[in-house]
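Let me begin by presenting the structure, written as structure tokens, before commenting on it.
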Amino acid sequence: MLSATLKELMRRYYQAGARDFHGLDLQGLDLQQIHLAAADLRRANLTKAQLSQADLTHINGYQITLAQADLREASLAEAVLIQADLRKSRCHRTTLVNADLRDSLLAQADFSHANLEGANLQGADLSHTQLYWANLRYANLEGANLQGADLSGAKFAQTRLPDGSQRHGDG
């Protein structure tokens, strides 16, 4: 019940024009379908939060913690997620188009069927991450750790690979 009350307070705060959620501890909260587009979530702790179908487009999530969070079908398009922690998060069918995930921890996360088109994953740890059927077109994976990652069926076009080379197509 506390979770629902806090969620409603966040909605009202946001609807009143407030966007600063910087550094808040929101771990484990049920925030499904919440609308926080363009919010400041720098260094916020959302470990194990329920964020499925949330609208987090254009957020500033520098050093945000989303470890083990449920982000299924959420939108984080154009989000700044530099040095974010998304280890073991569930990002099935999540939209991360043009998101900045440089130097982020994404190990053991599920990005199956996620849309990462144009995402900057430079230097990210994607070890043992599920990326099957993910859209990686125009993504930058330079310097990323893909050890043990499942890239089955992933889509590539003009994708910068970890070694700096470019993959031009799905073939």
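Remarks
- Global form of segment 86-154, assessed from the alpha-carbon gyration tensor, a/c cut-off 1.5: rounded
- Shape call, the chain: gyration tensor on alpha carbons, a/c limit 1.5: prolate
- ³J(HN,Hα), Karplus 6.51/-1.76/1.60, whole Hz, each residue of segment 7-20, x for Gly, Pro: 4, 5, 4, 5, 4, 5, 4, 5, 5, 7, x, 6, 10, 8
- Solvent exposure ordering (accessible area, 1.4 Å, most first) of SER112, SER165: SER165, SER112
- Remark: segment 36-45, residue by residue, has Karplus-estimated 3J(HN,Hα) of 10, 4, 6, 6, 8, 10, 4, 6, 6, 10 Hz, where x stands for each Gly or Pro and the curve is 6.51 cos²θ - 1.76 cosθ + 1.60 at θ = phi - 60°.
- Value at 222 nm in deg cm²/dmol, rounded to 500, when DSSP H runs of n ≥ 4 in the chain each add -39,500 (n - 2.57): -2500 deg cm²/dmol
- For the chain, the solvent-accessible area with a 1.4 angstrom probe is 46 square angstrom per residue.
- Net charge dipole size for the chain [Lys, Arg +1 and Asp, Glu -1 on Cβ; Debye, nearest 20]: 180 debye
- Carbon + sulfur, % of accessible area of segment 25-132 - ligands and nucleic acids excluded, 1.4 Å: 38 percent
- Charged neighbours of ARG12, selected by a Cβ distance under 15 Å, balance to +1 (K, R count +1; D, E count -1).
- Across segment 163-169, computed HN-Hα scalar couplings (Karplus, 6.51 cos²θ - 1.76 cosθ + 1.60, θ = phi - 60°) run 7, x, 6, 10, 9, 8, x Hz from first to last residue, x flagging Gly and Pro.
- Straightening the chain between LEU151 and LEU24 buys 42.3 nm, computed as 0.36 nm per residue apart minus the Cα-Cα spacing.
The values are calculated or read from the model by the stated rules, or taken from the named source; none is laboratory data. In this text, all values refer to a predicted model and were calculated from it rather than measured experimentally. Note that we place each Cβ from the backbone using ideal geometry, even for glycine, and neighbour counts take in every protein chain shown. Quick note on the areas: whole protein, heavy atoms, side chains included, nothing else; ligands and nucleic acids left out. Shrake-Rupley method; radii C 1.70, N 1.55, O 1.52, S 1.80 Å.
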